[in-house]
Structures are given as structure tokens and as C-alpha cells.
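Structure record follows, encoded as C-alpha cells.
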Amino acid sequence: MVKVAVENFRLAPRQFGREPQLGEGHLRFRLNRVPDCVDPVKLLHAINSPIGKGRLIGASFDYAQYSGPNGVLAEEIGTAGSYSPGTRPEIYYHGLRPGFYRMIVNLAQNNGATTPFHAVTNFQILPHPGHGPKPCAKGKVPSAKAAASLR
């Protein structure tokens, strides 16, 4: 479960999809899993990129099977796999397997256009003891090492 605190912005569920109004709208939740093993060239590019630091984007979890009602709404408006819209300051993801994840939350206008206001967090779901990740193929870097490089 992810809960966000929203200040100086009104969530307006009844205005979802309508004309933009100053200071109101909805949230856009985006959850991606960092791949277990990363190509070192992509890792180096992410580290050295002035605008993309830390952007090792993996599989999206913004589908109904993972993000529930928010994912259903995403499918209805055509954003499944990109983001899950939220008219409440919370979202429930389920069925996530162990690994590293990146969550981005944007404020969006009623019509879905993003604002420049967002928050980003990373987290890890640990595997059960004795069930760690499989070793990476030769030439790949484990995501734990990649995550440490991007902090």
C-alpha cells in the first residue's frame, strides 16, 4: 500500500477527465521493477545522465492485476502499463515479487496532464530466506549493485 500526503492541491474525483481547474486534479502512480540483472552499459548511462540518473526502468505494475481499481481505471482510459490514475491519495499493489522497485507519483490536472510536482521513492521486497535471486548471466550486474550505484 502506498499513501501520499497532498498539500495545496485538491483531489477532485468528480472532475476526473474534465477541464483543468487551478489547484485540483488527481494523482498518477507509476510503479516499475528494476531488472534483476542490468547491462553495465545501461547502468553507466543511467549514472552519467544529467536528466535520467537512476532511471533503469523495468516492468510496469500499473495493470489491474497488480494495482486493482486504479489499474482498472488505467485500462479504461488507455494508460495501463504507463501509470495508474488515482482519485484518492492511496493505491494498493499486490502480487509483487521480490526485487527492487521505483515508485513515481505525479500531481495531474483533471484532464490528466501532468504538473511539474512529483515524488520518487525506491524500495526493495526481500525474498524469503534461502530463496535469493538467481546469479546474473556473465557480463550483467545484479540489481542490488545497480541500486547502490544510483543512490
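The values are calculated or read from the model by the stated rules, or taken from the named source; none is laboratory data. From a predicted model like this one, the values you see are computed outputs, not experimental measurements. Because the Cβ atoms are built from the backbone with ideal geometry, glycine has one as well, and the counts that use them run over all protein chains shown.
When you look at residue 119, is it at pLDDT 85 or above, assigned to a strand (DSSP E or B), exposed (fewer than 14 other Cβ atoms within 10 Å of the Cβ) and of a type in the set (Gly, Ala, Ser), yes or no? I'd like the intermediate steps shown before the answer.
On the way: at pLDDT 85 or above: yes; assigned to a strand (DSSP E or B): yes; exposed (fewer than 14 other Cβ atoms within 10 Å of the Cβ): yes; of a type in the set (Gly, Ala, Ser): yes.
Yes.
Total residues in the range 10-19 satisfying the condition of being in contact (Cβ under 8 Å) with a residue 24 or more places away in the chain, exposed (fewer than 15 other Cβ atoms within 10 Å of the Cβ) and either part of a strand (DSSP E or B) or not acidic (Asp, Glu) (or both): the figure is 3. Every condition in (1) in contact with a Phe, Trp or Tyr (Cβ under 9 Å, 6 or more places away or on another chain); (2) modelled with pLDDT under 95; (3) surrounded by fewer than 16 Cβ atoms within 10 Å (Cβ to Cβ); (4) of a type in the set (D, E, K, R) is met by residue 24 except one, and the failing one is (2). In the range 115-144, the residues that are closer than 17 Å to residue 57 by Cβ form no Cβ pair under 8 Å with any partner that is at pLDDT 90 or above and among the small types (Gly, Ala, Ser), whether six or more places apart or across chains. The residue that is farthest from residue 124 (Cα to Cα), among those in the range 77-101 that are outside any strand (DSSP E or B) and in contact with a Pro (Cβ under 9 Å, 6 or more places away or on another chain), is 77.
Scanning the range 81-110 for residues that are hydrophobic (A, V, I, L, M, F, W, C) and surrounded by fewer than 19 Cβ atoms within 10 Å (Cβ to Cβ) yields 96, 103, 104. Looking at (1) within 30 Å of residue 41 (Cα to Cα); (2) touching a strand residue (DSSP E or B) at 6+ places or on another chain (Cβ under 9 Å), which one does residue 131 not meet, given that it meets all the others? Unmet condition: (2).
Between 33, 14, 55, the distinction of being modelled with pLDDT under 95, under 22 Å from residue 113 (Cβ atoms) and of a type in the set (Lys, Arg) belongs to 55 only. Of everything in the range 27-42 that is touching a residue at least 12 places away in the same chain (Cβ under 8 Å) and not in a strand (DSSP E or B), the residue that is surrounded by the most Cβ atoms within 10 Å (Cβ to Cβ) is 34.
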